[in-house]
Amino acid sequence: MEYLIALLSMAGFVLVIFLMEVSRARKAEKQFIQSLYKEYGKLNQKEYSLERYAKMGSFYARHQEDGQIDDITWNDLGMDHIFKRMNYTLSASGEEYLYYTLRTPRQEGTQLLHLEEVAGYFGSHPEERVKVQLQMHRLGYTGKYSLYDYLDNLDTLGERKNTRSLLADLLYLPLIGLIWVNLSLAVIGLVTLTIWNIMTYFKEKALIDPYITSFAYVMRLLETCEALRRLPVSVCTAEWEEMQTRGRSMKALKHNSFWVMAPGRGNASGNLLDVFMDYIRMIFHVDIIKFNRMLKHLRGHMEDVDALIGLVGFLETAIAIWTFRESLKDGYCIPCFTDRQEVYLQDAYHPLLEHAVKNSVAAEKGVLLTGSNASGKSTFLKTVALNAVLAQTIHTCTAGSYRGTTFRIYSSMALRDDLESGESYYIVEIKSLKRILDSGGDVSRPVLCFVDEVLRGTNTVERIAASTQILKSLAGAGILCFAATHDIELTELLNGQFTNYHFEEEVSEGDIHFNYRLLPGRATTRNAIRLLELMGYEPAIIEKATAQAEHFVSTGKWEVGLTEAACNGILRDRSRENQSSEAAHRAEGRIHLREDIDRDPGRIHS
C-alpha cells in the first residue's frame, strides 16, 4: 500500500509539472504570435555567433549551380550584411535557403514570378503568414551543429544495433518483480543497473549526440510539412503536393520519434519536465534505441530530406522578402527584365545607408566613373551591382524602377593581399580581373561586371596602358562593365566605348562637401591634396604638393626641386585660370539654360 501511495504521488507530481509546462508554453506561444504582428516590417535586430554564421551556407554548398555569386563578388558587395538585414526567417531551413537564394541569380523569369506570387500572397494575407511563421518557429534551429554536416557523415557511424540497450531495459522487469520477494536485493540491483545505464548512456550520447540533434530536426521538419499542408494557401499547391510525396516515403521515421525530437532534449532549458524526460532517456536509452532505427531508414532518404528543407526554406524566404520590402522606408520596385543588354536604374539607393542619396543611370554600353576621393564612386558601383543581384534573386530592387536583362554578375573591387598564398595585391587583382574576362563573350549569357580602381596595385604608366586594354576587352560583346578610376586619361583613351559619368565635391572655406550626385561627363576636380589640408598637414607640404601637381599637369613632367618663388608663381597662375574657368562655366550654363527654355518654354530649371 505504501508503495502504491508513493507511486501515485510521483505520478501526480509529474502530472502537475506537465500541466504547468503546457500552460507556460501556450502563454509563450501567444506572446510570440502577437510579436509577429507587432514587429512586422521593423528593422532586423538578430545577432549571430561565429558558429551559427559558419554553417549558414550549408544548403548553398550542396546546391552549386553555374552563374552563382562567387566569393569575391559576395565579399565585394558586403552581401553578408545584406543577408543579415533581410533575414527575417525563424528556422535553420529558412535561413540557409535565404542565403542560397541571395547567391543564386535566376536566369529564367518563371522562377522569379512564382517567388513573387508566393511572397505577394503572404504580404496580403497576414493571418496565413503568421500561421506559417508559427510553424517555422516550432521547427526552429539545429543548435550549434549543421544538419548537413552530420547527415553527410552518417556512414562514419557504421552499423549500429540495439541489442545491448534492449537487454538492459528488459532486466528492469525481473528486478521490479523482485521487490515483493527481497526488497534489499531488488533495490541494490535496480540502483546498480541504473548507474550502469547512465554511465553507458553518456558514452553513447557523446558519440551520436550531434546526429540526434539533427534527427530531431528532421522529425520536426516532417511535422512542419504536415501542418503546412493543412493550410489553405492556393499559390502553394505544387509545394504541398511535393511535401506530401516526400513525407509519405519517410513515414516510418515518425513512429515513436518523440524521444528523439522532444523540444527540451539536450538543450538544458531548466524546466522540470525537460529534466524529468532527460532522466528517462538516461535510464532507458530510449532516444538511442530510436536513433539506431532511424539511422538505417534515413540513409536511404537523403534526397527526400534535402527536398523538404528546400520546400520549407522557399516558403520562409518568400515571407522574408516581403517583410524586407515592408521595412524599406525609401521604397522598392519590382524589376523589369528585357532581352536587351542594358541596365536602367531610376532613383537607386543602397539599403544599408541612412539618408541615402538616390541616383539614376541608363547604360547600354560600359560606364566609366571618375571623381575625387570619397565622392561616392565605390558606393555607386555597389548600389548598381547590389540592385542587379537583388533583381535576379529576390525580385526586389531598392530603386524607383529597374530594367535589364538577366546577367551573370561579377566584381573586382575590395581586394587585398593574400598572405596565406604569399600573393601581392597586384597578383590577386589580375587574377580577379582574369576570371571576369574568361567568363565573358557569350552573348546569350551576358556578364555584368564592376571594377573599382582597375590595376591600382602597379605603377602609373603600366596601369593606364594595361587598364585601357583590359577595359576595352570588358566592353566587348556579351559584357556590360561599370568601372571607377582616378586616371582621367582613361576617359579619353576609352572614348566611344564607355560613357563617362562623375562625382564631384563642393569646396567652401575650410571644408569640402560631397553631394553624392551622379553627373554626366568626366571629372574636372581633384581633392586629395585639399583633404591633407583639412586634416591639418603643414602649409608648406600643401603648397609644394599643389605646385608640383600643377607643374606636371601643365608640362607633363615631374619637378622635384621647385623653389618657393616658382611654387608661388604656379599657384598664382592656377588661381587666375580657376577664376576664368568658373566664369566660363557660368556663361556656358546660361547659354544651355537659354537653349533649354527655347526648346521647352514650360520647363522650369533650378
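Any idea how far apart Asp442 and His255 come out in nm if each label point goes 7 Å out from Cα toward Cβ?
With each label placed 7 Å out from Cα toward Cβ, I get 4.9 nm.
How much area per residue is accessible in segment 163-211 when the probe is 1.4 Å and only protein heavy atoms are counted (Å²)? Kindly include the intermediate steps, with their values, before the conclusion.
Details: 3170 Å² over 49 residues.
Using a 1.4 Å probe on heavy atoms only, each residue of segment 163-211 averages 65 Å².
Express the carbon and sulfur contribution to the solvent-accessible surface of segment 204-247 as a percent, rounded to the nearest whole number, probe 1.4 angstrom.
C and S fraction of accessible area: 49 percent.
How much length would be gained if the chain were fully extended between Asp80 and Glu326, taking 0.36 nm per residue of separation minus their Cα-Cα distance, in nm to one decimal?
Contour length minus the Cα-Cα distance gives 86.5 nm.
Where does segment 212-344 land on Rg(C-alpha)/(2.2 N^0.38 Å)?
Ratio of Rg to 2.2 N^0.38 Å for segment 212-344: 1.44.
What's the Cα-based Rg to Rh of segment 459-546, Rh via Kirkwood?
Checking Rg against Rh, the ratio lands at 1.06.
Could you give the distance between the Cα centres of segment 224-264 and segment 167-192, to the whole Å?
Cα centroid to Cα centroid, the span is 42 Å.
Run the accessible area of segment 43-147 with a 1.4 Å probe and give the carbon-and-sulfur part as a rounded percent.
On the way: 2280 of 4440 Å².
After summing per-atom areas, the C and S share lands at 51 percent.
Could you give the Stokes-Einstein D for segment 329-383 in µm² per second, using the C-alpha Kirkwood radius, 10 °C, 1.306 mPa s?
Here the translational diffusion coefficient equals 123 µm²/s.
Sorted from largest to smallest, which semi-axis lengths in Å does the alpha carbon gyration tensor of segment 270-412 give for its equivalent ellipsoid, taking the root of 5 times each eigenvalue?
Values: eigenvalues 482, 79, 41 Å².
Equivalent ellipsoid of segment 270-412: 49, 20, 14 Å, largest first.
Suppose each label sits 7 Å from its Cα in the direction of the beta carbon; what would the Ala540-Glu226 distance come out to in nanometres?
Result for the modelled spin labels: 8.5 nm.
Taking H as built 1.01 Å from N, whose amide H comes closer than 5 Å to the amide H of Glu453, not counting residues under 5 places away?
Hits under the 5 Å cutoff: Ala484, Thr485.
Just from its helices, what would the mean residue ellipticity at 222 nm be for the chain, if runs of 4 or more DSSP H residues each count -39500 (n - 2.57) and the sum is divided by every residue, rounded to the nearest 500 deg cm²/dmol? Numbers along the way, then the final one.
Working: 24 runs with 347 residues, N = 606.
So the calculated ellipticity at 222 nm is -18500 deg cm²/dmol.
Largest first and in whole Å, give the semi-axes of segment 374-507's equivalent ellipsoid, each being the square root of 5 times a Cα gyration tensor eigenvalue.
23, 19, 17
Please give the Cα centre distance for segment 455-486 versus segment 33-47, rounded to the nearest Å.
Spelled out, the Cα-based centre of one part sits 45 Å from the other.
For the chain, how big is the tail of P(r) above 32 Å, as a whole percent of Cα pairs? Mind showing how you got there, number by number?
Working: 112237 of 183315 pairs.
So the pairs more than 32 Å apart make up 61 percent of the total in the chain.
Please state the charge dipole magnitude for the chain, taken about the Cα centre, from unit charges on C-beta atoms (+1 on K and R, -1 on D and E), reported in debye and rounded to the nearest 20. Working shown, then result.
Numbers: 67 positive and 77 negative charges, 428 e Å.
Dipole size: approximately 2060 debye.
Charges on Cβ only, +1 for Lys and Arg, -1 for Asp and Glu, centred on the Cα centroid of the chain; of Val22, Phe552, Ser412, which one is farthest towards the dipole's positive end?
In the chain, that residue is Val22.
Could you list which residues have their amide H under 5 Å from that of Leu448, counting only those 5 or more apart in sequence or on another chain, with H placed in the peptide plane?
Hits under the 5 Å cutoff: Arg408, Ile409, Tyr410, Leu480.
Among Thr468, Gln392, Ala363, which residue has its Cα positioned farthest towards the positive end of the charge dipole of segment 342-473, with +1 placed on the Cβ of Lys and Arg, -1 on the Cβ of Asp and Glu, and the dipole taken about the Cα centre?
Ala363
Just want to confirm a number: the relative contact order over the chain, from Cα pairs under 8 angstrom separated by 6+ residues, in percent.
14
If packing is taken as the average number of other Cβ atoms within 10 Å across a peptide's residues, how do 90-103, 128-141 rank, most packed first?
90-103, 128-141
If a paramagnetic tag sat 7 Å from the Cα of Asp66 along the Cα-Cβ line, which residues of segment 369-413 would have the backbone N under 13 Å from that point?
Within reach of a label on Asp66: 408.
Check each of the trypsin sites (Lys or Arg not before Pro) in segment 180-245 and keep only those in coil by DSSP with at most 11 other C-beta atoms within 10 angstrom; list them in order.
Passing both the DSSP loop test and the Cβ count: Arg230.
So how exposed is Arg52, as accessible area in Å² (1.4 Å probe, rounded to 10)?
It works out to around 50 Å².
Give a residue-ordered list of calculated ³J(HN,Hα) values for segment 115-121 (Karplus: 6.51 cos²θ - 1.76 cosθ + 1.60, θ = phi - 60°; whole Hz; x for Gly, Pro).
For segment 115-121, the Karplus curve yields 4, 5, 4, 6, 4, x, 4 Hz.
Return one whole number: the accessible area per residue of segment 1-159 in Å², for a 1.4 Å probe.
55
Probe radius 1.4 Å, ligands and nucleic acids ignored: give me the carbon and sulfur share of the accessible area of segment 344-480 as a rounded percent.
Values: 2640 of 5240 Å².
C and S atoms contribute 50 percent here.
Under a straight-distance cross-link criterion of Cα-Cα below 25 Å, which lysines are reachable from Lys254, leaving out those fewer than 8 residues away in the same chain?
Here the lysines satisfying the reach criterion relative to Lys254 are Lys131, Lys144, Lys161, Lys205, Lys290, Lys296.
Which distance in nm do the two modelled labels at Ala549 and Ile280 give, with both placed 7 Å along the Cα-to-Cβ direction?
Label-label distance for Ala549 and Ile280, simple model: 7.7 nm.
Using the Kirkwood radius built from alpha carbon pairs, what does the Stokes-Einstein equation give as D for segment 88-209 at 37 °C and 0.692 mPa s, in µm² per second?
Here the translational diffusion coefficient equals 165 µm²/s.
Roughly how many Å² is the accessible area per residue of segment 343-449, as a whole number, for a 1.4 Å probe?
For segment 343-449, the solvent-accessible area averages 38 Å² per residue.
Residue separation times 0.36 nm, minus the C-alpha to C-alpha distance between Leu167 and Met302: what's the value?
Fully extending the segment from Leu167 to Met302 adds 45.5 nm.
Quick one: what do you get for segment 43-150 if you divide its Cα Rg by 2.2 N^0.38 Å?
My calculation over the Cα atoms of segment 43-150 gives 1.13.
The values are calculated or read from the model by the stated rules, or taken from the named source; none is laboratory data. This structure is a prediction, so every number in the text was calculated from the model and none was measured. Note: ideal-geometry Cβ built from the backbone for every residue, glycine included; neighbour counts use all protein chains shown. For accessibility, only protein heavy atoms count, side chains too; no ligands or nucleic acids. Shrake-Rupley method; radii C 1.70, N 1.55, O 1.52, S 1.80 Å.
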